[in-house]
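Peer 1: Dropping a structure here in structure tokens format, bear with me for questions.
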Amino acid sequence: MSAYSQAYRGLVAGGLPAPDAAQLLADLRRELGEELAAGLLARSAEQYGAKPNESHSVNRRRTARYGAARDAAAWLITATTTGRLTNTPQQRDNRSTA
């Protein structure tokens with residue numbers, strides 16, 4: 001049984017308190033983000049690593065692309081750790097007189 005099924009069944013059957021289920025799901029989300037980021041970094045190191053007999057400009061472009069992939073992996077870890085995958089825009093009423 002997967003951990004997601006375990007959390008669902010625990011909530012439905014009443015054997016797992018809601019805070020414990022939420023913590024279990026948060027741990028799973030964080031673990032998934034770390035695994036995805038590690039895979040992204042490994043793939044980008046293969047794809048954008050320095051190759052022999054390359055010009056300086058090609059190597060510089062590869063380094064820039066690797067940096068972008070590294071930034072994406074860092075964002076992925078941050079987003080899955082905090083549980084906020086998007087930024088919620090500030091809500092304001094333009095018709096407000098206050």
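Peer 1: Collect the residues in the range 34-81 that are exposed (fewer than 11 other Cβ atoms within 10 Å of the Cβ), in a helix (DSSP H, G or I) and of a type in the set (Ser, Thr, Tyr), keeping them in residue-number order.
Peer 2: Result: 57, single match.
Peer 1: Being free of Cβ contacts under 8 Å to residues at least 12 places away in the same chain, among the small types (Gly, Ala, Ser) and touching a helix residue (DSSP H, G or I) at 6+ places or on another chain (Cβ under 8 Å) narrows it down to one residue among 7, 18; which is it?
Peer 2: Testing whether each residue is free of Cβ contacts under 8 Å to residues at least 12 places away in the same chain, among the small types (Gly, Ala, Ser) and touching a helix residue (DSSP H, G or I) at 6+ places or on another chain (Cβ under 8 Å) leaves just 18.
Every read-out reported here was derived from the displayed coordinates using simple, explicitly stated rules and does not represent laboratory data. Model, not experiment: these values are computed from the prediction. Note: ideal-geometry Cβ built from the backbone for every residue, glycine included; neighbour counts use all protein chains shown.
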